[in-house]
Structures are given as structure tokens and as C-alpha cells.
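One structure below.
The values are calculated or read from the model by the stated rules, or taken from the named source; none is laboratory data. None of the values given here were measured: they were computed from a predicted structure. A quick note on method: Cβ atoms are made from the backbone with ideal geometry, for glycine too, and the neighbour counts reach across all protein chains shown.
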């Protein structure tokens, strides 16, 4: 009998692993990385139509290291991590002026006083908006896919062609300072590099001060062609304090001062005259300082470009700027929009290097027009300009030429990709793209052969081709492998059928053991439980319900609680624990709403008006200025912590019978709570480490003792209860400290809610030790509620990164990942699953005395199987809904993260059930 | 006794009078104050409550269980006391299930819970008073011996289930005005209540036939 749960759990775990693996392979996008590199000689060898025959002088390969002549001498790229568009754009463009706006006044000043040689772009990044992916996209010009997110913790070197590589091979000198992700991506590419560690989020200044310190001396030197400075302070200030905070304003003012210095130097130094300054963000951030997703707040970053040398003609004469607003000095500032995808190829065109092989962007006309070199007419054969009517016409010719090469390069990539990758593009779309390309090319060659000049029409046709392909690529790299997804889903369903079969077998077996058959009522409860599961599962079809999942779970939990009150009324009086449970549900609900309002600030999908729903804001204002409130908010976690330690101490002494174990566990728990209190009072970092050590050693000790047979003493029920208690005490301090100051309250709510569920089960109908499906369902709903109540939610910006650094200042991948994992899943998976035995052991131990050991284990097996089944069914529905909604607008913002969280949660549940089966049975 | 005289037709008549009370309230709010549930929920709910309360209390006081010991006036008083108590219970239940607690929702919540109290709690209070056994019986359905039990229990459960179902569209992002608390919940409750009122005469009819066949 004991083997049954272990075997079943192991089989289910294997099935789920296989299912998750296959579905993930099919669903999370994969893009084949091509290892080909562009070479300067490609253009001639391939006889590209743009520069065949007489167009290019024979001296090309000696003169030009690239495909187009360079139009600027140097480029100074200053990347401000997580630069929001409204940090740079004038505040008059936005509805209300916030305190973080207009802080980068030096850029605004340049934009308003030099409208012809500077420009502010709203740069639209592609999700995922994590720094690593963005840097990869910025340098290769491709579209890194979702699956790459996992690599962000350990940055791998870039294997695709990129403009840093091209610079190296054309003999340019690149200097890098700032974020050390660059040196991880490009280990051998920089002539000089000054990397600073990037992952210590608490450190706002090291990287920025380091960049500032090295930047100014380098600006006075001449031995560089491209200088990259990557500031991280704004990103870190956002992560720690949020955008609307004083540290953020200070940070922006510091950046502004650095930029002011840089522009002053560039204006004064002769060798920097033909240098383009680009100040840009790799991605933006939400008001909470989070990023990673695809919401407009996260993708709308900024790019500012400026040349000290002015242009022959104003670029504003060509383009219609998208939006204009008054700057700080009262002058008009106009901004345009560009795709971040275009950055790589644009910078390659500006510097005159071969375009990266895998780049699918288009040379941005406005950025290109900023460089004076693009207005020169010497760089194409003189015959081309028989009638140089105006500078504008020259520029258009030049740009058309660049676009032609650009289109040729993209077309080459398309052909190469279609030939080599496993999953090419849909043939219809490919035909259409090819047609566009051929039309554009024939028009180009016509215009060259005939006397009429390549006019706007050619530019438009090339642009049309490039933009259509970018659209196609965006959709194609969200192309799913439906076959693999289907197989994965099928395996999930098979595992559910297997699960149901095993559950039914155990259930009927327990009915055989149980002489008094109350089959019908038990069946009814199973149906009710599955109805609740079904309601929850179907709700995942809608994005709104996924966003409101916490509230939905709370609603269902409240429904079960009200149902249980109703049956209490029917069979007698309302008990105390029923009312306690209702009040706990209200408390949990407020916690969930607080979390949601936090999420709403970051998530534009979530229209959650926290002010109207939960306007207890008058409370603080009522007590404002009273030290009493601050004191209370400081002290209450401590008091609850004390209460918790008292409770656990009491229960351990009551329950655990072996004197030796009792002593060890009590001392361990007390010490842990003491360390937590020390940590909160003094922020000493040794305290959390001690808590982790105690927790881990207690966990290991439990298993050792369990297998030595020391914990075997006593009656079955007693034994099971003390095993569970010891296990939960081993884990709870660690989870508590990771959750921070909200931890004690959450754990207290968890304990009382668990107690209410246990005592409210079995309304006299069932035997005390019998499994109650509704209680198991409530347990699982409570677990979900606790996940949301503790401020988590199912997106990557919902991870509480701060928890990973409790007790540690420096970043190590494995260690911090484990801490983050325990924080995320601790209270919603680890604690509830390890404490499931309480459901069959605690109620009324008097009648359970002398119970058959087999019956108790049968019930325990049922509880675990049912819990696993509930999780499996909901996850399978998540998978199904993700598969159905794969074309949904929010698939990357919402459904994919939800899938990842649920899949991890399911596997963790399976693993924990296996561990519990080993430990308890 | 009188309770033996009540048949499906009486039940139907009582229910249709209740429904008429609701309809009058709706019409009044619509024509006199030109307010609808969607534009200003709180006043509309107030009018609905004011119109429905006398109808329900008077009708169900007339149907009171212990005719000998309890006068009509006493039953009405029971109903009047039951109204705020039931409202409190309903409001508490709604808050447990996630109704917003912000100050600006208070009027709507209060009137909504009054209305639901009229659907659920007040009729039973008028009929039973504080008799615990009767309350338990009506909740458990264990012995639906009485026709009035059906008349109380089916529409009340209908209203609760309707309100529960009515809450489901609230989180959806359709951005319709009726998704606000307590509009769709009120619609759900009224719809559930009406369906319950239609359903209870049918059950009564079936129940009667069942008894008749048994006795024969």
C-alpha cells in the first residue's frame, strides 16, 4: 500500500516532465541562429544588384572596409539602462508633469536649440525586455526569442553576426565601460573595457561612477572609433525605489550632469566634430521599475542622437515628426518613432561596416540623415548626380542606395534562413516578400539605367519590403510547433487519466476497508470539488481571469466557506472556526487586492482601479505625523513573529513525543526566529544565513532520523502528525524570512486558515480520518490565495528579486536562483504540500486512536493523489488555454508567463508529493 | 388550517405580486427619477427596496406559520427587524466573496444587501420568526413538508445563486458600465429570484401530486 503512492507519484512526475518538455519545445519560440558572418567583399562577390558594374569604382575593396562609405567618424553610445521615453521627452507631451520628467534637461536643450542636427526618438523595443536580450538585439539586429530569457542569469557570448564583430574585423577600436554583461557577450572584442558588476541591484552608484570616471579622459583621447558607456543606476534605482522616488530623480540628475559634460567636451574638441552622440535605453521600465514583458511602458524606450556638426539642410524638411511639444526653454521639441530593431543596421550604415548577417532591420532614415556624411555627394560616381538640383535629392539618392544594399542583405538572410533552418517561413508570405523585393530591385535598376533618378518611390518600395519582412519575422518567430504542443497536451491528458484511475482504485479500496459506507455523500463532495476545479480551470480561457486569478481563487474559497457554514447550520450550530475562516478570507482578500494594485501599476493590461476598490488611504492620513503608526507597523511583524514562535513551540512540545527530537527541533526553531528578529532589527547579513543553515540541517536531519527509525515511535496518527510538524517547522523560518516583514502575517493566516479547514471538515457525516475532497480543494485554493496575498503574481516582474538578496550582497546564479525559487513557491507549494498530512491526522484524535494503520495511509494517499490531481487538472487547462490563445495579443505578456509559472508549479508539486511519499509513508 | 389551503395557484399569485413590486420599483425609478441601475445604482436600488419591502413583508406575514400564537402585526414586526439583520448578513457574505469595501461603494452595498435581504431573509423571518428548527429545515431541504418551504427556499436560493453567477463577468475587461459592483450582481440576483419564483409553483404542483398519489 505504501508503495502505491510513491510509484504513482513517480509515474505522474515522469509524465508531467515529458509533457512540459514537449509542450515547451513547441510553444516557447525557437529561432535558429545562423552562424554566417557578413564580409566586406560579399557585395561584389554576390554581384548584388545595388552596386554592380560601373556603379562602384574598382578600388572599392581597398577604400571601403564596408559596404557603404562611413558617414561619421566616431560614435559615442551612452546606454542608460531602463530609460523611459518620458525621462527624455519634454513633459508637455504627457498629460501631467511628473517629478521624474524633464530631468535630462541637457538633452532637451540640445534638441530644442539644434533641431536640425539632433533628434529624440521613441524607440520601440521588442519583448522580452530584459537587458541581455536587448543588448543582443541591439548588436545583431535580430529578434531574440522568449526562450532566451532563461540565459539572462548567465550571459553567454553572442554567436551571431553583430556590428561589434564587424567593427573588430574592419579594424575599428571599440572601448566599453559599464555593465559587465557586455564583456560576457563580447569577451574578446573590446580594445579597452572597464566592466562593473551588474547584478547587485542594491548598488546604485558603482557602475555609473565607474563610467563617469573613465568616460571624460577617453573623450579627450583620439585612439577610439566607437565608445560604449552603459549606465545601470537608473535601472537599479527603479528596481529598488520605483520611478516615482527621490533616488530616481537624483540618479537622473547625475546622468544629466554627465551628459552635459560630454556635450560640452564634444562641442569644444576638434576631433569629436564628426562624432555622433547616441544616448539610448536598452528597454524601458514600469513605474515599479520592473521590465521583461511587452507592455508599452516596458518597450517604449528612448533614443537621442546628436551631431556637433550641423547639416547642409534641415532634416525636418523631409520628415514629418510625429509629436511635438514645448521644451523647458519654451522652444518646440519634436520627437519621432523608430524600431529598436533598426538600430543595428543603422549604426552599421553610419560607420560604414558590413551589415550584420542576421539583421532584419531597416536603416532608419532620420537617424541616417543626421550624419553629415550622408549628404555628401562624393561617395558615389559623379555620373550619378548629373543634375544636382538640391542637397535633398542627393540625400535621397544616397539613402536609396543604402536601402538597396540593406534590402539585398535582408533578402540574403531570408534565403539563407529558409534553406538552413528547420522551420522556415510560410511559403505564401515568402512569395509575397520575394515579389516585393523583385519589384523594388527592378524599379531601382530601371531608374539607374534610365535618366530619371531614384525617387521617393524606390525608397518607399525598399522600405515596404523591409517593413513587411520585419512584420513577417515578428510573427514567424512566434510560430509554434503545433505537433509538439499537441503531443505535450496529450501526455498531460494521459497523465490525468492515469491519475484518475489510481485515485479511483485507492478510493474504492478505502471504501472496502471502511465498513460504514457513506458512498453517496462522499461522491457528492467529490463532484462539488471537481466542479470548483472545473470553474477555475475554464476561467483560464480569459486573460481577465488570469489577471484576476487571485481574486477568483479567493471567491471560490469564500464560496466553499459559505457552503460549509450552510452545512454547519443544517447540522447544528455555527462553529467558531467557520467565522474565523470567513474573516481570514477577508484578510487574504485585502492582501490580494494590495498585490493587484501593485501589479496594476506595472501592467497596462490590468485595469485595476485600486483607489476606488480599496480606498483605505484616509487611514494613514488620519494618523499622519503620529509616531504611533510607524511604531505599530514596525512592531507588529515582531509581535506576530513572537506569537508564531510561541505557537510552534507549544505545538512541537505537545505533539512530538521523542524527547530528543523535541529538544532539537524546538531549539532550532527558536534560534531561527531569534535570528529573523535580529535581522529585522539590525540588518546583519549573518542572521539570514544562519536561518538557512538551520532550516537545511533540520530538513536533512528529519530524513536521516526518519530512516534511522527514531521518529517511528508512537501511534500511526501521532507519528504522522509529528513528522509533518517537524517538516513544516524546518521550512517555515526560511520561507518567513524570505517573505520579509509580511511573512509572519502570511504564515499566521496560513496556519489559522489551515486550522479552520481541518476543523470544518466532516460535518458529522464522515469518519474523522476519512479524506474530505472539499477540504483538499480548499487547501489548494488557500495555497493559491497565499501566493497572491504575499505579493506574487504570474509574470516575471512579479518575482520578488529583493528576496534573493536577503543575507547576501553579491550575486551567484545558483544561490540567488534557489532563494528566489523558495520565496516564490515557498508559501504556495512547499508549506501546503508538506502540511497535507494534518488533514487526515489532526481532527479529534480520540476517535482515531486505534485506527487501522492501513486506513490512515490509504486516506493520506488519497489526499496526496487528489491534491496532485487538482494541480494537474488546472495546469492542463492552463496549457490548453495557452495553446488556444497562442495568437492572443497578450500571449507573451500574460499567457506565456502564466504557463511557465504553472508548469514549474506542477513539477514542483509532483516532486514535493514524491518527497512527501518517501518521508511520510 | 390556512396552510393546507395554499396551492400552486396561491404561490404563483404571491410570487407574481412580489415580481410586480419589483417591476413597479423599476418603472418608478425609470420614469419618475429617470435613473437606471447602470447610471446610478444606489438610488435605483433604494427605490427597488422601498417598493419591494412592503409587498414582501405584508404577503409573507399573511403566510406566517404559527397563526394562532402570532398576530399579523407581530409577523410584520419580525420582517421589519429581519430586514437589517439579513442585510448585514448579505453584506458580510458579499464582502467575503470580494465586494469592494471603499467608502464610495457603501450606499450601493447597503441598498443591495437590503434588496437581497428582501429576497432571502425577510420572507423566512416573517414566516418563521426565530424558530431554529424551521430555519434548519428550510436550509437543508431535508423534509420539504410544507408548501411555504418551497416558496421561501427556492426563490431565495435562486437569488443567491443568481448573484453568485452575476459576479462572474465583473473581472472581464469589456469595460462596460454594468460590470461595476453591484450592478451585474443585482441583475443576477433578480434573474435568479424570478426564475426561483417561477420554479417554486412547479415544484409545489409536483409535490402535491406526489402526496396525492402516495395517499391514494
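Would you please name the residue that is farthest from residue A:772 (Cα to Cα), looking only at residues in the stretch A:535-550 that are in a helix (DSSP H, G or I) and either without any contact (Cβ under 8 Å) to a residue 24 or more places away in the chain or in contact with a strand residue (DSSP E or B) (Cβ under 8 Å, 6 or more places away or on another chain) (or both)?
A:544
Would you mind listing the strands (runs of 3 or more DSSP E) fully within the stretch A:173-263 where at least 3 residues are without any contact (Cβ under 8 Å) to a residue 40 or more places away in the chain?
On the way: elements: A:174-179, A:192-196, A:226-231.
Once the strands (runs of 3 or more DSSP E) in the stretch A:173-263 are filtered for at least 3 residues that are without any contact (Cβ under 8 Å) to a residue 40 or more places away in the chain, what remains is A:192-196.
I'm trying to understand the selection: among the residues of the stretch A:551-560, which are touching a residue at least 40 places away in the same chain (Cβ under 8 Å) and facing chain B (nearest Cβ under 10 Å)?
Passing the criteria: A:551, A:554, A:556, A:557.
Out of all the residues in the stretch A:400-436, which are touching a helix residue (DSSP H, G or I) at 6+ places or on another chain (Cβ under 6 Å) and more than 21 Å from residue A:143 (Cα to Cα)?
Within the stretch A:400-436, A:400, A:402, A:404, A:436 qualify.
With (1) surrounded by fewer than 19 Cβ atoms within 10 Å (Cβ to Cβ); (2) touching a strand residue (DSSP E or B) at 6+ places or on another chain (Cβ under 7 Å) as the list, and residue A:217 as the residue in question, which single condition is left unmet?
(2)
Of the residues that make up the stretch B:141-153, is at least one farther than 20 Å from residue A:566 by Cα, within 14 Å of chain A (Cβ to nearest Cβ) and either touching a helix residue (DSSP H, G or I) at 6+ places or on another chain (Cβ under 9 Å) or without any contact (Cβ under 8 Å) to a residue 40 or more places away in the chain (or both)?
Within the stretch B:141-153, not a single residue is farther than 20 Å from residue A:566 by Cα, within 14 Å of chain A (Cβ to nearest Cβ) and either touching a helix residue (DSSP H, G or I) at 6+ places or on another chain (Cβ under 9 Å) or without any contact (Cβ under 8 Å) to a residue 40 or more places away in the chain (or both).
Only one of B:189, B:124 is touching a residue at least 12 places away in the same chain (Cβ under 8 Å), within 14 Å of another protein chain (Cβ to nearest Cβ) and either surrounded by 24 or more Cβ atoms within 10 Å (Cβ to Cβ) or assigned to a helix (DSSP H, G or I) (or both). Can you tell me which?
None of the other options fit; the residue is B:124.
Checking residue B:84 against (1) under 14 Å from the mean Cα position of the chain (by Cα); (2) closer than 15 Å to residue B:164 by Cα: exactly one of these is not met. Which one?
(2)
Is one or more of the residues making up the stretch B:103-119 outside any helix (DSSP H, G or I), within 14 Å of chain A (Cβ to nearest Cβ) and surrounded by fewer than 21 Cβ atoms within 10 Å (Cβ to Cβ)?
Applying the first criterion (outside any helix (DSSP H, G or I)) to the stretch B:103-119 yields none.
Within the stretch B:103-119 (the criterion being outside any helix (DSSP H, G or I), within 14 Å of chain A (Cβ to nearest Cβ) and surrounded by fewer than 21 Cβ atoms within 10 Å (Cβ to Cβ)), the answer is no, since none of the residues qualifies.
What's the total number of residues in the stretch B:154-180 that are within 25 Å of residue A:541 (Cα to Cα), more than 9 Å from chain A (Cβ to nearest Cβ) and surrounded by 20 or more Cβ atoms within 10 Å (Cβ to Cβ)?
The qualifying residues number 3.
For residue B:133, indicate whether it is under 20 Å from residue B:74 (Cβ atoms), without any contact (Cβ under 8 Å) to a residue 24 or more places away in the chain, part of a helix (DSSP H, G or I) and within 12 Å of another protein chain (Cβ to nearest Cβ).
Yes.
Every residue in the stretch B:62-92 that is within 14 Å of another protein chain (Cβ to nearest Cβ) and surrounded by fewer than 22 Cβ atoms within 10 Å (Cβ to Cβ), please.
Across the stretch B:62-92, the qualifying residues are B:88, B:89, B:91, B:92.
Please find, among A:628, A:614, A:605, the residue that is under 24 Å from residue A:744 (Cβ atoms), within 9 Å of chain B (Cβ to nearest Cβ) and modelled with pLDDT under 85.
After ruling out the rest, the residue left standing is A:614.
Can you tell me how many residues in the stretch A:561-594 are more than 17 Å from residue A:777 (Cα to Cα), touching a helix residue (DSSP H, G or I) at 6+ places or on another chain (Cβ under 7 Å) and either within 8 Å of another protein chain (Cβ to nearest Cβ) or outside any helix (DSSP H, G or I) (or both)?
Selection size over the stretch A:561-594: 7.
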